[in-house]
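The values are calculated or read from the model by the stated rules, or taken from the named source; none is laboratory data. None of these values were measured; they are calculated from a predicted model. Cβ: placed from backbone, ideal geometry, glycine included. Neighbour counts: every protein chain shown.
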Amino acid sequence: MPDFSRRDFLKIGGLTLLGLAANPWIPHAEDQQPNFTAPLVWHGSRKYKRLAFTYDDCYLLYRMRTLEELLDQYPEFKVTFFPVGAKVINLDEQDPGIWKRLTAKGHEIGYHSFDHVNLGVMSRAGVLADYDKWYAALTQVLGGEYPVRFVRPPYDIISPALDILCQERGLVAALFSVGGGGEPEVVFNAIQKAQGGDIVQMHIRTDDYNSSVLAFPWLQENNWELVTMSQLYDDYLRNEINPPACDVNAGNNLTRTCLE
Ligand SMILES: [Zn+2]
């Protein structure tokens, strides 16, 4: 698995460089990546008409509730939340069971630090302790263990501390290929030009909620699937293991590994 993860990262790094010239929404962080060895994704497989909408921070209960109501109108749409730990607890105090409800509806939760600090300024021990504190908050509100797979680093900063965290806690760094945060019409326009496998970064705030209100009906009408980061990443891994020429159920193949 470690070998596979490294290959995965190198492959995605190459794709990112290709994407940078064509897509102004991709953050220009390529020069921060060379020493990063843990899995890091900017987008998933281009083979599927699927997008991962991700919502960071999760500061505002009101906007969380309105987004939940919007998502309830599109039960097939699944998204990923990257809340800070302080808000994991705080929102659950204001609306008991909110995180349990969202995960029961098939949405995913990933790590975004406890207090929205730049992981890059933390020590090795500090970043692990911050993750463990965030995870303790999550398991407290969910009432049990939860399989956290992704980290969205605060301020989208790729750092050695992020690398250590991913390696030590088995996480995948989830960046993005389409950014929200602007005028809803502009963001909606960018979403209409999205490619399969794009990771869309939103925040729980009014502009991004309004962008979602504009985008969801259009995405549904145009047969887009909204999937969790886990599904997007699993699609990508499956596609890497089964390249187009892979002969599944065709006997032993000594040069590549094929899964079903
Ligand atoms: Zn953030």
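Here are the numbers for this structure:
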quantity	calculated
Cross-chain or 6+ apart pairs with Cβ under 6 Å, segment 133-159 first and farther than 16 Å from residue 229 by Cα and modelled with pLDDT of 95 or more, then away from the ligand (no atom under 16 Å from the Cβ) and aliphatic (A, V, I, L, M)	137/89
Verdict on residue 116 being surrounded by fewer than 20 Cβ atoms within 10 Å (Cβ to Cβ) and within 16 Å of the ligand (Cβ to nearest atom)	yes
Given (1) away from the ligand (no atom under 16 Å from the Cβ); (2) over 15 Å from the mean Cα position of the chain (by Cα), index of the condition residue 77 fails	(2)
Of the criteria (1) away from the ligand (no atom under 16 Å from the Cβ); (2) farther than 18 Å from residue 88 by Cα, which one residue 155 fails	(1)
Filtered residues of segment 113-147 (kept if over 17 Å from residue 170 (Cβ atoms), not in a helix (DSSP H, G or I) and not aromatic (Phe, Trp, Tyr))	113, 115, 116, 117, 118, 122, 123, 143, 144
Failed item, numbered, when residue 173 is tested on (1) of a type in the set (Gly, Ala, Ser); (2) over 26 Å from residue 217 (Cα atoms); (3) away from the ligand (no atom under 16 Å from the Cβ)	(3)
Checking residue 61 against (1) more than 14 Å from residue 152 (Cβ to Cβ); (2) within 16 Å of the ligand (Cβ to nearest atom), the condition it does not meet	(2)
Breaking point among (1) farther than 26 Å from residue 120 by Cβ; (2) β-branched (Val, Ile, Thr); (3) within 16 Å of the ligand (Cβ to nearest atom), for residue 213	(3)
